[in-house]
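Data first, discussion second: the structure below is written as structure tokens.
Each value in this text was obtained by applying a stated rule to the coordinates, not by laboratory testing. As the structure is a computational prediction, the values presented were derived from the model and not from experiment. Cβ placement follows ideal geometry from the backbone for every residue including glycine, while neighbour counts extend to all protein chains displayed.
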Amino acid sequence: MAQTILVTGSTSGFGRLTVETLARQGYVVFAGMRAVAGKNASAAEELRALAQREGLALHSIEMDVTDDASVERAIAAIIVTTGRLDVVVNNAGVSYGGPLEAFTPEQVCQQFETNVFSVLRVNRAVLPQMRKQGSGLLLQIGSIVGRLAMPYLGLYGATKFALEGLTESYRYELAPFGIDAAILEPGTYPTTISAKRQVAADAERLALYQAAMNAFTAPFYAENRSATPPNPQEVADAIARVIAQPAGERPLRTVVATVAQRQAPQALNDAAAQAMHSFLEALNIPAAALALQGEKQEVKKQL
């Protein structure tokens with residue numbers, strides 16, 4: 001039986017590429033998006049036409065990840081349709097850029113609502129079905145700025161740091177139920193999230209940082225603006241590889257970035273796996289108690 005997968009935030013960017021990639025690999029895929037009959041009607045129609053043209057099990061489904069009722073309706077509809085839900089890719093997100101001082105409290109709340117609280121909301125809705133199945137995968141889309149703190153991406157990065165901690169805790173808590181949790185850490189890619197980035201609202205305070213912010217962002221995004229920018233399809237392909245790996249053997253963290261952006265976060269991930277192993281040894285807690293399969297494999301590579 002083909003696995004059923006939900007991908008949130010599927011109108012464009014990583015989400016759009018991911019639903020198309022997974023559907024072509026034979027999965028039953030639900031592309032979550034807001035306003036299927038409204039502003040995103042064209043995106044939903046494009047996916048419908050693609051599914052019909054290529055014979056894919058690809059469906060658009062109305063889902064506003066910031067609304068409890070919308071999320072619960074969508075999850076219930078998927079389960080009624082397929083009888084199961086095997087993978088959730090928490091991809092929906094927005095990006096806010098600027099110095100931390102220049103964000104209003106309202107902007108901070110909005111950033112966390114979409115990038116963090118929505119993940120908790122969606123996962124809470126799907127976990128009863130996954131426990132019933134005795135299997136499942138929660139795959140969060142994080143960022144390298146969720147491992148390395150960057151200036152002028154501090155608010156966005158804080159939400160991705162939060163996803164790191166949530167995902168690792170999910171992994172330990174859900175392993176006894178046969179459910180995996182993992183996170184993907186993309187570097188910078190030329191997608192719509194950058195084009196739609198929200199700017200810090202306090203213009204007066206923002207202006208104080210403008211010169212320094214320009215000096216940082218120009219080289220940080222240089223590869224995206226080059227003649228050979230990194231291909232966002234790399235992220236969709238990485239998501240597909242994580243999903244295809246055997247349950248219980250998937251890595252906790254996967255970096256997907258250019259060589260220049262990949263080295264430091266990967267080093268942090270390796271060090272974190274070793275540190276967790278040492279922490280458990282010091283407390284005399286068996287690694288098996290937290291089902292650290294992927295972490296144990298990473299530690300073995302280093303020894």
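Observations on the structure shown:
- The single condition from (1) touching a Lys or Arg at 6+ places or on another chain (Cβ under 8 Å); (2) under 23 Å from F117 (Cβ atoms); (3) of a type in the set (V, I, T) that I5 fails is (1).
- Among the residues listed as Q140, Q111, the single one being in contact with a strand residue (DSSP E or B) (Cβ under 8 Å, 6 or more places away or on another chain) and not in a strand (DSSP E or B): Q111
- If you check E101, E106 for being part of a helix (DSSP H, G or I) and in contact with a helix residue (DSSP H, G or I) (Cβ under 8 Å, 6 or more places away or on another chain), only one passes: E101.
- Any hit, the range 61-71, residues being under 30 Å from N214 (Cα atoms) and within 17 Å of the chain's Cα centre (by Cα): no
- Condition met for E101 (in contact (Cβ under 8 Å) with a residue 24 or more places away in the chain and either crowded, with 23+ Cβ neighbours inside 10 Å or of a type in the set (D, E) (or both)): yes
Condition check ((1) basic (K, R); (2) in a helix (DSSP H, G or I); (3) in contact with a Pro (Cβ under 8 Å, 6 or more places away or on another chain)) across all residues:
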site: E164; (1), (2), (3): no, yes, no
site: A181; (1), (2), (3): no, no, no
site: T188; (1), (2), (3): no, no, yes
site: A207; (1), (2), (3): no, yes, no
site: N214; (1), (2), (3): no, yes, no
site: A218; (1), (2), (3): no, yes, no
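- Residue within the range 57-65 that is touching a residue at least 24 places away in the same chain (Cβ under 8 Å), surrounded by 22 or more Cβ atoms within 10 Å (Cβ to Cβ), farther than 23 Å from P128 by Cβ and aliphatic (A, V, I, L, M) present: yes
- In the range 138-186, of all residues being in contact with a Ser or Thr (Cβ under 6 Å, 6 or more places away or on another chain) and small (G, A, S), the one that is surrounded by the fewest Cβ atoms within 10 Å (Cβ to Cβ) corresponds to G178.
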